[in-house]
Each structure stands twice: as C-alpha cells, then as structure tokens.
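Following: one structure in structure tokens, then a few remarks.
The values are calculated or read from the model by the stated rules, or taken from the named source; none is laboratory data. Owing to the predicted nature of the structure, the values given are computational and were not obtained by experimental measurement. Here Cβ is always computed from backbone atoms with ideal geometry, including for glycine, and neighbour counts include all displayed protein chains. Remember, those area values only see protein heavy atoms, side chains included, never the ligands or the DNA or RNA. Shrake-Rupley method; radii C 1.70, N 1.55, O 1.52, S 1.80 Å.
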Amino acid sequence: MITSVLTTVQAQRFIIVGGGSQKEKNDSTAKNQIRLSGSVYDSFTKAALKAHMTLMRRDSTVIDTTTCWMWSWGTSDSYYEFKVPRKPEHFIIKAECDGYHTGYINYDMKYIARNREFEMPRLLLKKKAEEDDIFAEGNLEGVVVTGTKVKIAYRGDTVVYNAAAFNLPEGSMLDGLVREMPGAELKDNGDIYINGKKVDYLTLNGKDFFKGNNKVMLDNLPYYTVQNVEVYDKSSKESEWKGEETTKKDYVMDVKLKREYNRGLLANIEGGLGTDDRYLGRFFGLYYTDHTRLSTFANTNNVNEDRKPGYEGDWTPANQPQGLRSTKQAGLNLTTENQDKNWEESFNTTFTWSDADDQTRTANERFADSGSIFSGSESWGRQKDFRFSAGNEFTLNVPIKLRFFNNVSYSNGNRTSESNDSTWRSSMINRTFNSGLNKYRTFNTGNNITWYKKLPWGDNLTMQFNISYNRNKPSDSFSRSLTEYLQTGESDYRDRYTDSHSESYTYSVVTEYAISLLNGWRIIPFFKYQQTYSSSHNMSYRLDRLSLIDNGPLTMENSFPALLRKNPCGPSDDYPTSRYSIASKANHNYQLSTINSQLPIGWLPSNEQLLSILDTDNSDTHTHFERGYRGGLYFTKQLGNDEGWLSLTLPIEKVDERMHYDDGVLDTIAHRTNLMFEPSFSWYRWGKNFKMVQYSMSMDKPDYASLMPTDDTTNPLVHTINNPHLKNRIDHTIYSSFSFRNDSTARRISLNANISLTQNAWGTRSSYDPQTGAYTYMQDNTNGNWNASAGIGYERPLGKARLFTIENDLSASYVHSVDFALATSPAPSEGGEGLANLSESSDAYQPGRPSPPSEGSGEVSKVNTFTTTEELHLKFQKDKLTLQVGGQVGWRHSTGSEESFQTINAWDYNYGLTAKYTIPWMNIDIATDLKMFSRRGYNSSMMNTDDLVWNASLSRSFFKGKLTAKLMAFDILHQLSSTQYSVNAQGRTETWHNCIPRYALLTLSYKFQKMPKGKKK
C-alpha cells in the first residue's frame, strides 16, 4: 500500500474550506467515529488535484461527499477526509476531477482497536487540473477584504496576503513585502512577528528554505516572484511525518511563488557602488521542477545595513549599525523527492567570510554611596573569520519510517585589538593600556536517527539516537597590558599567553510510547539517557617573566602604536573622557628590561621556556563527565475538530556529574547530583480567534567548574572569586496571547500578557578599592526578581473603499530587579581586601584560597522600573500611492533603594511619515521616510536630543522590467549620531562607535527567467 506523505494533521485545519460536508462534532460523537483520509494526484506529474470525493458502501449507496483541499499551487499536496462509525465495514471511495478519468479505491476496514484514523492508498488520476486563484473576483473560499486591490483574504484560519496588492519599489526583495504587510513586524535579525506572535518558521512553497536563517530568503528572494504569503498554524514536521498530532503546531509563514516560477530557471543579479567606498553585490538563482528545487545565492557588501528607505524601519539613533563590516557569503539549498513521495532529501550549505573593523569610545559613571566612580575607555579591534555550515536531512516513508539528520560547522579566524581605559573620581586613580591577539578554530558536528512505528492497535513507538562532537582548538589568546596606579605611583606590566582549547562529545537515546485513547487523549511515557564528556585545558603563561635580551625600554610608541592614533570623534567635552586621553601621555617611558619589546604580539618561546613561566594561580585543566536520566509522562489532547491543543508535561531528571579539577593548588575529584523537575502546560485554540496560555518552569544549574573554590586574577583590576555555594536558578513564566478577527470589517484585536518570577537569581556581589580602582566580584543568589507586561493591538481599514488603515499598539511593563549594591573596600591598612577576607568561617575556605562572603556581607539594591509605550499609525494606499503618518511615545519611570540612585522620568518619542509613489509618465518609483526622534527628562542634558532622520530612494526599470536601476540615500540631513547614551540603576554610559551614518548607493539589478516548453505565456 502506497503511503502519502501528506498527513491528517497537515490539512485538518483547512476542513472548514475543503470539506464542506463535514460538520463540527462534539467529543462524545468523536469517540464513536474514525477518520478515513487520503490524497489525489496526477498519475504522471504527481501534482495534487482538487478532486470531488464520494464515499460509498459496498452496494454503491452514497454515504458522504467532499472536495479535496489543495494547500499549494498545484505542485504539492491535496487532502480529503471522511468520518465513519467505529465498526468493521467495506467502503468504496470515488474521485472525480474535470478532464480526468474517475478513480476508485476499495477499502476493507477490519481491525480498529484504538486507532482514530486510517490513511487511504493514494489515488492517481490522469491530466492536470486547473488552479483557482483565491483573489479572483467572485471565487473566494473565505471572506475577502475588498479595496482597489485585495490585500488580505481569510481562508479558514489562514491569513493570505496578496503580494500584487502592495506598492513596492522595483528591485525590492521579500523583506520589503513583509515590512508592508498589516500586522507584521520584521526584526533586524530576521525574526518575524504577526500581530505580536513570533513566526516559528519561514518556508517556500511549503518546504524548508535554509531553516533557521530567515535572512537568506528575506534578503535574496525577489519580490516580483511572490504570488502571496500565507500565515497559519501548521502541524509540526514531526506530526506530519508520524501522521497524527503529536506536538503543538508551528506558526509558519509560507511564501507561495507565482505559477510561472514553480517550474523553470530564475536568476537575479544586483551590483552597486556608493559614497564612502560602499559597495554591494548579490546573486540569486532558483531552479524548480515538480519534485526538485535547487537554489543558490551569493552576496558581498560593506554597507552593514538592513533597513530600507520608505519603510517603517527602526531608525532610532541608538540602533545605528556599529562598526564597519565587509561580508562575503554563498550558499546552496537542494530539496528533492521521488514521484511517489516515498522519500525526501533536503540539503543546505553556507560559506561566510567576514572582516569587521570596530572602534569604540566609552564614558561611564557608576553610582556609589561614597560618590560616583567615573571611567573612560577607547578600543580598536579587527576580526577576520571564515565560517562554513552544512546540513542534510533524509526522510524515508516506505517501507518503514526513518529519518536521518546530519550537520557540520567549521570556523577559523583571528582578532587583533588595542585599548586603553582609566578610572577617576576627583583625580585619576588608574589607567591601563592593552593590546591583544586571539586565534581560534572550531569544529562541530551532530547526527540524529529517528525510527517511528505505528502499531496495529493505534499506539505508536518512537526511538531516537543522537550523537554530537565539538572541538575548539586552537583557542589561543595573547595580551599585553600596562596598568598604572596613580595614587601609589606603582605600575603593573603583563605579557600573557593563554591556551584554552577544549573538546566534548554527547550522545543520547530516547524512547517514547504513545498510547492513544478513544476520547482524544494521548498518554506518552518517555525516557531519555544522555552521556556527556568534556575536557577543558586553560593554561596561562606570563611571557613578561622570561629573562630575554634587553633591547631597550618599553615605550608606548613601540608597544601600543594604534592607541596613539588621534580620532577626532569621541565623547563630548562636557562628559569628560578626553581629559585622560592616551595621546596626551605619549611621552611616558616605562623601563621594563625583562621583556624584549621588539617581539611582535603572538610570538612564543620554546615549550621548555613556557613551562617555566606557567601562571599556576590562573591555570587549570578539568574533565567533566555527566550522565542524565530523564523520564516522565506527556499528556496531550486534540480539542474539537482540530480546533486546539492541550498538553501537560511532567518530566523529572537526575543528573550525575563527576569533575576532575586541577589548577596546581587544588587537585580534586568532585561529584554532584541534581534532581531537575521542569513541568510545563500549554493550551491553544487556533483559528481566526486565536487563544493561548502557557506555563513553564525551568531550572538552570551553575557550571560545575565555576563552583570550584578558586579565583581569577588575570586582570589586575578585576578579581573574580568562585562561590561553591551558588544554588540552582529557577524561573517560572506564564504567557498568554489572544487575537480576535472580524472578517466583515477586517478588524483585528490582539491581547497579550506575561509574568515571570525568578528564584535564586544569580546576582553579583561587588567590592571597589578606591586606592587602586580595582573591583572584586563574586556571584551569589538573590530573591525577589520578577517582571510583568501586557499589551493590546488594534487594526482595521476605514471607509467603504478601505483606502485608509489605522494601527494602534499599547504596551506596559513593570520590572522589579534585585541585586547586590556596590561596596567600597576599606584601605589595606585597615585590614580589608574587598571580598577576599569577608568570611574565613565558611566551610569552603581553605588556606591560601579566597573565601566567599558571609550572609549579609553585601547590601541588596532594589530597582523598580515601569515603562509604557503607545504607537499609532494611519496608512493610505490607492493605486501606486502609499502614505503613512504616525508616531510612538514611551515613558520610563525608575526608582531605586540606594541613596545615590537618581530617579528617572524620561520620555522617548518619534513622529513622522513615509511615502511611496510611482510617477506614471516617468515610470519612476519614489520611496522616502522622514522622522523626528526625541528624548526628554534625562538628568544629563546631552541625552535630551532631537534627531531628524530623512532617507529616500529612486528606482526605474528598463527593457520590460529586466533591468532596474536604484539610487538610495541614507541620513540625507546628516543628523544621526554614532554616539549612544544609556541610564540604568548602576549608572549612565555614553558610547561612541565608528560607522557611516550617511551615504548614497547606486545599484543595477538584472533578472533572468527560462521556462520549460509549454509553460511560456
């Protein structure tokens, strides 16, 4: 019997459209019924057909009729279902489709047991059926929002966006369409939200496309190839494969290509040059057949910019791109299946080369009871790396269900850096000059095999094996630092090499047995065994302790050359960092005859010499062996006629760990056992009125190595002490989301609320030495941290023609944070050394070892922050004209328990407009946005700013749309600043980053298409 890949759960959600004869059944009726489901395809091309189905008894009397649902553009899957009494019987199923011979199935339903569904053999007919356009006038299977062009159709619980109805400039990519869709929000990292709900996966014609990396499709798929975009709750890949609902549905955004791009070859190439040496180039190619899709892309650019003129992007000055980035990337994606869909193969790979140049200047004020502590820093870094990743998934459906997944990733790179920083109050306390070099190479691989078997009595069995390996070698860092203590007149020079390579492996075996009950409940006992082994080698060497030939004094000119480069851009004079600029100290020489200053950073002596300069106080090796035993019960229930989902997970896990830790002083084998209980509950009601409530409890245990009674003094200004008594952190989260839709008015209302509570949060005890400016840190548990938030969104078109659309979003949040206040250490003559001598009575204290602080040794600091944000937009679109006006206002109120805390009552608001228009007689597309960003109420006058941002673009197509020229201009008024400001409970910070906030870019793009014979229009 040939088994269809399309499963019941894949398409049940569409029965409201495709199965017009099916009526909603209550639970008591469902117990006495069983579902017969199947699919109908073209016998030659295997394309899905929208056939009329008839269910008959053995004597040909008609029981029921329905019509297949097709959930792709004639090339993917169809689905039908019938519900019949739970008793043995012989059925005849008839399929009819215009232009095709009638097909029949004789099915003898015998052994029922606890089965709730039987999948019918695939029906294969001849000829190809025509396809319906859901946006065609008078042919809508659902309610359609009307207007000059239909933008949205509602098909059951699916929201369908008509790409042709949106006014986008020529040459736009998929990201431009997503930004324009009502209710959609696109983040800079590629995450997509629809009415506040995050999209789990972005797919192309129902198939994965560089899964987990939305930006590949968003940035490279041309807008002109898209027919529509569908958003809905889709059965997870696991549920599709198993043929029944085993997990909650995924919220997906599926991009449907136009019919002419479903078969044939498509290519798009673009290149551009701009001011300030900006450049851009990219290529995208797509080859499609009925059962194979091959896509490839390549791009190179140094613009470091994802936002586009004329869109509602986040042009807030604080979110300016940071640093200069040059990126080259290439990738390939292949998806194929056989005609009978008995197996499927999916492969993707990506190659990335990047070159980053980062320059930063920071000025900081940290609040303290004894008076604010000021610090300033300058840094420069250059990082070059290469990254490669590949993944392959093979799924076998007949004769057994097996799935193989393999992935591999590799990276290789280096980073060079130089920096200087200083600390002061009424006078300078310290200053430090640093230079560094990091070299790294990583390799990771993971493999998974899953076997699934549906048992004759309705239960199913799943077994899974996973294995992974990770290697990080080399992982070398070189650093040179010179620290001056101006209060004492002393200095500290360190030339350090650290080798921190590591490797690990993990394997696990998982078994699940799902018991299906007739009332719709499923009880799934599960067990997982996991074993992990890791080894870490952290050896630090003091190269400055070598006795080498003295080639003269170490000077800042020959040891820290990059720091002397004068940079005209930096923090403002009224927030003084430049008072202690390194450039003004370039005449200081430091006689350090124990080091050959002419040797470049990154040099290494012989192995014998290295061993003689091992920094035993900051070196360690450890191996970690872990066994985990996780078991429990998983309860699920499908609500109604696939109207929702209810699940309860009760897992308990025992984790046994053994660590061999050796740092030269402490050589021990430690053991610990943790019992982890992490229950979760979920309730979903999908459809056009979506409802969801979730609760989860998670437990995190501290890294075992961080519990060893030791410390780290690598940085002379930072002393970190481990806390062996640090407890597990427990997080409780309740999240709810509701959305309501009125099809006749296209009104949408969404509500969400969230509350989180953390037990035994990991706070940081801090101590400050006013003589040296050094800090001592130790993690410790604190309680009382919680936060809550709520929001409401509203959207609807206005007027009979619905040319106007109003969108409104209101949100509020409250955060109660608890951490340890900064303590000021007494002078050494008074017997204090920060946290190091706070409690020698602790049972973890050892001679020669720092001890953790005693209870009550650090005061608790509490900060309460309330924020509220209101965002309102009014949009107008008619033909090729789109206008939008609106703004956003946010208020933040923060109070703290510390006397030095300055209450914050601050406003951040913006307002402006965006416009897009096509000039008919010139066929030129214009897109522009103008927005004012303002801040008020901050204690620092330089943070109360106004920034007027204007961006624009012009584009025109030639040669019947094959060639497109586009000119883009960013920050035309040159108002964006590369300086950012932030204020929190601990203090305020001003940060400057190198970037190019204003530039223009001219691009040319060319598109090519080759269609198979018989497909050309």
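Here segment 320-371 is assigned +1 on the Cβ of each Lys and Arg and -1 on the Cβ of each Asp and Glu. Its dipole about the Cα centre then comes out at about 260 debye.
Shown is the FRET efficiency for TYR507 and SER326, computed with R0 = 45 Å from the Cβ-Cβ distance and rounded to the nearest 0.05: 0.70. Taking every protein chain into account, the 1.4 Å probe leaves ILE152 with about 20 Å² of accessible area, to the nearest ten. Checking the Cα-Cα distances for LYS215/LYS880; LYS248/LYS401; LYS50/LYS878 against a 30 Å cut-off, the pairs over it are LYS50/LYS878.
Quick check on segment 866-924: take the gyration tensor over C-alpha atoms, sort the square-rooted eigenvalues as a ≥ b ≥ c, and tell me if it's rounded (a/c under 1.5), prolate or oblate. Prolate, because a/c is 1.5 or more and a/b exceeds b/c. Across segment 421-430, computed HN-Hα scalar couplings (Karplus, 6.51 cos²θ - 1.76 cosθ + 1.60, θ = phi - 60°) run 8, 8, 10, 7, 10, 6, 9, 5, 9, 8 Hz from first to last residue, x flagging Gly and Pro. Per-residue accessible area (protein heavy atoms, 1.4 Å probe) orders TRP603, TRP762, TRP424 as TRP762, TRP603, TRP424, starting from the largest. Ranked by the mean number of other Cβ atoms within 10 Å of their residues, highest first, the peptides 169-180, 458-469 come out as 169-180, 458-469.
Fully extending the segment from SER370 to THR336, taken as 0.36 nm per residue of separation minus the present Cα-Cα distance, adds 5.4 nm. Considering only Cα-Cα distances, which of the following residue pairs are longer than 31 Å: LYS211/LYS688; LYS800/LYS1010; LYS197/LYS1010; LYS87/LYS454; LYS94/LYS453? Long pairs (Cα-Cα over 31 Å): LYS800/LYS1010; LYS197/LYS1010. A simple charge model with +1 on the Cβ of Lys and Arg, -1 on the Cβ of Asp and Glu and nothing else charged puts the dipole of segment 915-957 at about 60 debye relative to its Cα centre.
For the ranges 520-526, 329-335, what's the packing order if you count other beta-carbon atoms within 10 Å of each residue, average per peptide, and put the highest first?
329-335, 520-526
Modelled label positions at GLN33 and ILE269, each set 7 Å beyond Cα in the direction of Cβ, lie 5.8 nm from each other. Taking Lys and Arg as +1 and Asp and Glu as -1, the other residues whose beta-carbon sits under 9 Å from that of GLU345 total -3. Along segment 384-397 the Karplus relation, 6.51 cos²θ - 1.76 cosθ + 1.60 evaluated at θ = phi - 60°, assigns HN-Hα couplings of 10, 8, 10, 10, 9, 9, 8, x, 9, 10, 10, 10, 10, 10 Hz to successive residues, with x for each Gly and Pro. Between GLN771 and ASP108, the distance separating the two model label sites (each 7 Å from Cα on the Cα→Cβ line) works out to 9.7 nm. Below 14 angstrom from the Cβ of GLY628, what's the summed charge of the other residues (Lys, Arg +1; Asp, Glu -1)? After counting each charged neighbour, the total is +2. Round to the nearest 0.05 the FRET efficiency obtained for ILE755 and ASP656 when R0 = 35 Å and r is the Cβ-Cβ distance. E(calc), rounded to 0.05, equals 0.55.
Reported to the nearest whole Å, the Cα centre-to-centre distance from segment 378-397 to segment 961-1012 is 24. Can you give the local net charge around VAL815? Use residues other than it whose beta-carbon is closer than 14 angstrom to its beta-carbon, Lys and Arg +1, Asp and Glu -1. Net charge in that neighbourhood comes out at +1. Each residue, LEU517 and THR300, gets one label point 7 Å from its Cα in the Cβ direction; the gap between the two is 6.3 nm. Extension gain, ASN470 to ARG542: 0.36 nm times the residue separation minus the Cα-Cα distance gives 23.0 nm. Using the Cβ-Cβ distance between PHE635 and ASN674 with R0 set to 25 Å, the FRET efficiency works out to roughly 0.50.
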